[in-house]
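Engineer: Once you've had a glance at the structure underneath, I'll fire off some questions.
The values are calculated or read from the model by the stated rules, or taken from the named source; none is laboratory data. Small disclaimer: the values here were computed from a predicted structure and weren't measured. Cβ placement follows ideal geometry from the backbone for every residue including glycine, while neighbour counts extend to all protein chains displayed.
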Ligand SMILES: Cc1cc2nc3c(=O)[nH]c(=O)nc-3n(C[C@H](O)[C@H](O)[C@H](O)COP(=O)(O)OP(=O)(O)OC[C@H]3O[C@@H](n4cnc5c(N)ncnc54)[C@H](O)[C@@H]3O)c2cc1C
């Protein structure tokens, strides 16, 4: 009977990162993915990477992730199109400005080069912006983006050097013995054994948690996105317009604009159908901020799920079932936080310590302190 150092459930950003950093530490891991790699949320995200958060652990985890993204080209041997193209959170009210200023104070204490810009500076940064109503924005030139499919590919190639990835392989049960995880049972009855099992099942992490007898407070929400054909290069950072009818979008290095918005009211569930309403609304909202984009042509639209938690921060923790770990509830930030989460889980599994302060992500927290920059 083959015995693995770790079983990772889920072939998305979190599962692959965890498996990758475990492989780098010389561990033999197996990734079990019920469909294809990136078929969950990770192949549906828009590739934004930021460090502007409002709580210490999230900021530090994001800084670690950026450090790891910047090493990928060298580690993978090809570019993942990681670039520091910036993030700009627009403020339309004094209340928003105050919220950003408070977060900036904390972010700066961790060494981030983030600043609040006035309206004129915003216009100078992005001459194409319609600045009416904007009172300023929180700008970090060191945030940016990467291409999710290249990142997933690099992680998967790295894992295959020491471990195994099994696609179209669904986990239906967690093998347990005397209060500890011992492996995973697959659809069809096959059993795979390890003393370490990681639940990185994204929007399905609640169901996988139940297999281990755990009740985890995850709930999926549908989010839609689109990408345009190549547009004139404007060097747009990720522009985040937090108004109720706002949106967020950025320009990729090849000129394409990629973006989405958070629907109000929220749309619960894991449906991945696209709507005409999104296509129409998103085009309008984006062109309201950058009028030149009213000429943009949409190439493709899609939808995917955010796995939410009650406070908008992930759960990355060990659990009451010994040897069973969870890394999910990324609340819309799992691509950008993925490398840091995988790295920290790999540390915890192999050395017993996270390597970072992960207390904000514990499964047993109160969930009362909400992340302000969701
Ligand atoms: C439209 C959109 C835009 C986004 N934009 C961004 C962004 O700009 N930046 C950012 O950081 N994040 C973004 N996100 C969020 C990001 O995509 C997620 O947080 C991240 O992909 C979560 O990764 P994951 O590995 O936890 O989940 P997933 O990628 O969903 O991976 C989980 C995997 O587990 C598999 N699985 C589930 N159950 C089982 C089982 N029983 N057996 C075997 N396999 C199983 C699934 O098939 C799936 O592939 C966006 C999301 C959406 C939908």
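Engineer: Tell me the residue from 178, 188 that is within 15 Å of the ligand (Cβ to nearest atom) and surrounded by fewer than 22 Cβ atoms within 10 Å (Cβ to Cβ), please.
Structural biologist: Residue meeting the stated conditions: 188.
Engineer: Quick one: how many residues across the stretch 239-262 are touching a helix residue (DSSP H, G or I) at 6+ places or on another chain (Cβ under 8 Å) and surrounded by 13 or more Cβ atoms within 10 Å (Cβ to Cβ)?
Structural biologist: Of the residues in the stretch 239-262, 10 are touching a helix residue (DSSP H, G or I) at 6+ places or on another chain (Cβ under 8 Å) and surrounded by 13 or more Cβ atoms within 10 Å (Cβ to Cβ).
Engineer: Residues that are outside the structural domain of residue 168 (by TED's automatic domain parsing) and touching a helix residue (DSSP H, G or I) at 6+ places or on another chain (Cβ under 9 Å), at least 2 per element: which strands (runs of 3 or more DSSP E) completely within the stretch 1-118 meet that?
Structural biologist: The qualifying strands (runs of 3 or more DSSP E) are 87-91, 115-118.
Engineer: Oh, and also: Under the condition of being crowded, with 24+ Cβ neighbours inside 10 Å, more than 6 Å from the ligand (Cβ to nearest atom) and within 12 Å of the chain's Cα centre (by Cα), which residue from the stretch 3-50 is farthest from residue 239 (Cα to Cα)?
Structural biologist: 17
Engineer: Out of 283, 274, 253, which single residue is more than 22 Å from the chain's Cα centre (by Cα) and in contact (Cβ under 8 Å) with a residue 12 or more places away in the chain?
Structural biologist: Exactly one residue qualifies, and that residue is 283.
Engineer: Let me ask something additional. Quick check on this structure: which one of 268, 314 is on the phi < 0 side of the Ramachandran plot and in contact with a helix residue (DSSP H, G or I) (Cβ under 9 Å, 6 or more places away or on another chain)?
Structural biologist: 314
Engineer: Among the residues that make up the stretch 297-312, is at least one of them within 11 Å of the ligand (Cβ to nearest atom) and not in a strand (DSSP E or B)?
Structural biologist: Looking for residues that are within 11 Å of the ligand (Cβ to nearest atom) and not in a strand (DSSP E or B), one finds none in the stretch 297-312, hence no.
Engineer: Please go through the stretch 145-175 and give me each residue that is assigned to a loop (DSSP other than H, G, I, E, B), within 11 Å of the ligand (Cβ to nearest atom) and buried (at least 18 other Cβ atoms within 10 Å of the Cβ), ordered by number.
Structural biologist: Selection gives 146, 169.
Engineer: Further question on the same structure: Would you mind telling me which numbered condition in (1) assigned by TED's automatic domain parsing to the domain that holds residue 8; (2) within 14 Å of the ligand (Cβ to nearest atom); (3) over 29 Å from residue 132 (Cα atoms) residue 275 fails?
Structural biologist: So residue 275 meets the others, but not (1).
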